[in-house]
Amino acid sequence: TLFGDATLDLNFANNLSLTDSVSSNNLVTFSRASSGTYVDSDGLIKNSAVNIKTYSNDFTQEWQKLGASILSTNNPDPFGGLTATRLDLPFVNARLQINSTSTRGISTFSVWMRLVSGNDQITLLLQTSPGASTGDVVAVTSEWQRFSTTQDVDSGGGIQIRNTTATPAVIEVFGAQVEEGSTASTYIPTTNL
């Protein structure tokens, strides 16, 4: 076959990452010194989307677990891989959180979620400033869906994935993204950059 002897298979179209399908390692390192721009179909100059959430799919990095626990990290994800994280949110306000992001202005926090068992009401929070608690309650189903919340951030608020009710919830999460603008763009995987 044409690709039978391949030693590098990025398969970007299926898993939206630069992970080699043969060795399961990330063999490509990429960074850019500044945000890119492009000209859209109306002739307007736009900024290219940038995910400012480092370790975008590693929920063991950076996230504080306040009443929440990570049950496993190698679960089926929305793109056919085994990189989703299973979370236990056993009571109201149990959550994963990051206290501060570097975003300012109109910003969007998005993440894929799937309900495993229990309560389906989860709050996605993008704080408008430290201590502020503005977010959206979403109904998570047993099918993978991408959820987002958009807020006007004025002083580096954090992000949260929080149980909304007293009923325990077990969910799976994949691909956290924080970006400028009012719409979630295509998922941009990040590591520690």
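The numbers here are math on the coordinates, done by the rules we state, and not lab data. Predicted model only: the values in this text are computed from it and were never measured. Glycine gets a Cβ as well: all are built from the backbone with ideal geometry, and neighbour counts include every protein chain shown.
Worth pointing out:
- Take each peptide in 164-172, 72-80, count the other Cβ atoms within 10 Å of every residue, and average; sorted highest first, the result is 164-172, 72-80.
- Length gained when the stretch Thr141-Val92 is fully extended (0.36 nm per residue, less Cα-Cα span): 15.8 nm
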